[in-house]
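Please treat every number below as a calculation from the coordinates, not as lab data. The model shown is predicted, which means the values in this text are computed figures rather than measured ones. Cβ coordinates were reconstructed from backbone atoms using ideal geometry, including for glycine residues, and neighbour counts include every protein chain displayed.
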Amino acid sequence: MPYILGGNGFIKFKRGSSVNPLPATVDKADVNTILNRVGVNIETDDLITGDRINFETKDPEGLLFLPDDPNSTPPAPPKQATYFIQRNNIDGKSAGGLRLFETFKDAVNNDRSKEVTIVDSWPAGVTSINITYAIEDLDYQTLGAVRSYTFSTERAAIDVTSLGDSFRRQYEAGLLSGTGSISCIFDYESNKSTEASAVMLQILNRATVGSGFDAHLVLGEGLGDKGDLSIFYEVTGVITKAGIEVSADSTINCEIDFVTTGDIHFRLGRVGATLTINSNLPVQRSTVDLTYLTLQATD
């Protein structure tokens with residue numbers, strides 16, 4: 001029988017999203033066209049570089065820090081827009097300001113050639129606008145520098161013993177929960193589609209949008225005779241504890257604990273597999289759940 005080495009494992013990570021849009025304001029004084037940044041008065045630790053943010057406003061003037069929407073008649077600032085953000089926490093002149101990008105890669109790399117232009121053409125007498133913002137789901141990114149992870153599931157049996165029973169009886173279909181931990185080398189730089197492990201420490205500190213995330217805990221990918229089999233857990237969870245270990249004779253390590261908050265799926269299949277129906281038309285699925293099948297030899 002085949003054996004899978006631990007070195008084949010990795011984690012696909014997706015940042016969680018806020019349940020409801022949150023209120024904020026944008027002041028004209030916080031629009032900086034020189035640095036191409038816009039300031040939004042929200043909790044500084046709530047938004048992280050690489051987040052995909054949906055901005056909306058009911059103000060009739062629209063999102064005045066964005067260029068006019070060419071599809072509107074007459075052209076006017078949009079009332080809704082979604083962008084990946086890049087935050088500056090170092091430059092004191094623009095701390096908390098956001099640059100806007102179309103892709104995660106451009107945002108984390110701060111590719112100035114791909115940034116969305118911030119404008120300052122506010123009508124006379126308008127000094128601020130009310131907006132709402134929400135963190136939207138983005139694609140799964142590989143979580144970088146993971147040394148190891150553990151994950152366990154537990155079913156809490158429900159006691160259904162009643163008066164007169166001589167023996168304790170339990171209902172086997174009890175509540176299912178999962179817990180896990182991730183150990184990774186501290187890394188603060190993202191690279192294209194790889195998520196920096198430092199994002200786990202940042203997510204824990206989100207004050208209003210929560211520390212939720214989605215993850216694929218992959219045991220192995222590209223397995224099987226045709227290399228079309230992946231084995232992984234698919235979970236939704238929240239980070240409950242995060243810490244770092246600093247030692248003079250070792251790299252800085254991060255230790256993260258989490259608990260599941262939703263369904264737990266054990267998947268056997270290939271992510272993004274293509275299925276075919278009788279008419280030979282392809283049907284795309286993001287994940288293929290083959291847990292109800294037993295593995296068979298190739299015919």
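What the table shows:
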item: Total formal charge among the other residues, if their Cβ is under 13 angstrom from that of Cys184, Lys/Arg +1 and Asp/Glu -1; result: -4
item: Taking all pairs of distinct alpha-carbon atoms in region 18-136, Kirkwood radius in angstrom; result: 14.4 Å
item: Rh by Kirkwood over Cα pairs, then Stokes-Einstein D for region 166-240 at 0.692 mPa s and 37 °C, µm²/s; result: 206 µm²/s
item: Number of Lys pairs (Cα under 26 Å; 8 or more positions apart or on different chains) in region 18-136; result: 10
